[in-house]
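Enquirer: I'd like to ask some things about the structure below.
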Amino acid sequence: MSDMGSDAPFRQPPRKGQAIVAFDFDGTLTIRDSFTQFLRWRAGRGAWALGLVRLAPAVASYARDRDRGRIKAASVREFLAGVDRATLQADAQRFADRIWDSFIRPDALACWNDWGAKGAHRVIVTASPETTVAPFARRLGAEALLGTPLVFDDEDRVTGAFAGPNCRGEEKVRRLRAVFGDDLRLAAAYGDTSGDTEMLQIADEQGFRVFTGRP
């Protein structure tokens, strides 16, 4: 298998002493889950409906075990397996361009820009695949993007698997510390679900559900 589909430009090292600020993406910077919206948009109405029928066993399993990573992987296999990386990246860019104005929370964007003006190293930490969030991160000017990386095969096509655990809960902290060091202390962190709790706990400023604006 080839490398896992993470977007290398979003691994800029912070300057010595630079404040690091982490933002969850779905529901925090955006008004709703981006990955579900992307899959639905890309599939089209008919294929989306058919895919949901095929995912019924995975949904039933999720109702029992609440394993978000497993049901997300099932969705990737159903809607993206076999898609080549370049096509996926291009589709993700078109999707981001199409929905940006109706998708990004204005108060979250103002906070993001304010931290940028202060010279902070801004990191998006998301359970969504890095490849689909990357166009948003580029437009925001993110210094780093940490998400759930997809696996691509030797022909650079989506296999339907992830290269690691679903990036939520303790995994968000593990990923942050893998990049920025075990002694990482965030200047601030923002999130909107229980999957962000551990990340907020290592931040001096903890913003939980502080963004409510809609475009």
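Residues checked against (1) among the basic types (Lys, Arg); (2) out of contact with any strand residue (DSSP E or B) (no Cβ under 8 Å at 6 or more places or on another chain):
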site	(1), (2)
22	no, no
33	no, yes
40	yes, yes
69	no, no
89	no, yes
100	no, yes
109	no, yes
125	no, no
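Enquirer: What tally of residues in the stretch 137-175 results from selecting those that are free of Cβ contacts under 8 Å to residues at least 12 places away in the same chain and either assigned to a strand (DSSP E or B) or crowded, with 19+ Cβ neighbours inside 10 Å (or both)?
Expert: Adding up the residues that qualify gives 1.
Enquirer: Exactly one condition in (1) assigned to a strand (DSSP E or B); (2) closer than 16 Å to residue 72 by Cβ; (3) hydrophobic (A, V, I, L, M, F, W, C) is not met by residue 127; state its number.
Expert: All conditions pass for residue 127, except number (1).
Enquirer: Inside the stretch 191-206, can you point out the residues that are touching a residue at least 40 places away in the same chain (Cβ under 8 Å) and either assigned to a loop (DSSP other than H, G, I, E, B) or in contact with a strand residue (DSSP E or B) (Cβ under 9 Å, 6 or more places away or on another chain) (or both)?
Expert: 191, 192, 193, 196, 199, 203
Residues are listed down the side, and each one gets a yes or a no for (1) modelled with pLDDT of 95 or more; (2) open to solvent by 40 Å² or more (accessible area, probe 1.4 Å):
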{"site": "4", "(1), (2)": "no, yes"}
{"site": "14", "(1), (2)": "no, yes"}
{"site": "27", "(1), (2)": "yes, no"}
{"site": "61", "(1), (2)": "no, no"}
{"site": "91", "(1), (2)": "yes, no"}
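Enquirer: A further question follows. Quick one: is residue 108 touching a residue at least 12 places away in the same chain (Cβ under 8 Å) and more than 14 Å from the chain's Cα centre (by Cα)?
Expert: The answer is yes for residue 108.
Enquirer: Just to check your reading of the model, which residue among 170, 198, 205 is touching a Lys or Arg at 6+ places or on another chain (Cβ under 7 Å), within 20 Å of residue 26 (Cα to Cα) and of a type in the set (D, E, K, R)?
Expert: 198
The rows are residues; the columns are (1) modelled with pLDDT under 95; (2) within 14 Å of the chain's Cα centre (by Cα).
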position: 136; (1), (2): no, yes
position: 149; (1), (2): yes, yes
position: 160; (1), (2): yes, no
position: 170; (1), (2): no, no
position: 184; (1), (2): no, no
position: 189; (1), (2): no, no
position: 201; (1), (2): no, no
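Enquirer: Only one of 188, 134, 178 is part of a strand (DSSP E or B) and either open to solvent by 30 Å² or more (accessible area, probe 1.4 Å) or touching an Asp or Glu at 6+ places or on another chain (Cβ under 7 Å) (or both); which?
Expert: Just one listed residue meets the conditions, 188.
Enquirer: Restricting attention to the stretch 156-173, which residues are charged (D, E, K, R) and closer than 29 Å to residue 83 by Cα? Show your work before the answer.
Expert: From the stretch 156-173, those charged (D, E, K, R) are 156-157, 168, 170-172; that's our starting set.
Answer for the stretch 156-173, where residues must be charged (D, E, K, R) and closer than 29 Å to residue 83 by Cα: 156, 157, 168, 171, 172.
Enquirer: Let me ask something else about it. Can you tell me which of 82, 44 is farther than 23 Å from residue 11 by Cβ and in contact (Cβ under 8 Å) with a residue 12 or more places away in the chain?
Expert: 82
The values are calculated or read from the model by the stated rules, or taken from the named source; none is laboratory data. This is a predicted model, so every value here is computed, not measured. Please note: Cβ atoms are built from the backbone with ideal geometry, for glycine as well, and neighbour counts cover all protein chains shown. Side chains included, ligands, DNA and RNA excluded: accessible areas come from the protein's heavy atoms. Shrake-Rupley method; radii C 1.70, N 1.55, O 1.52, S 1.80 Å.
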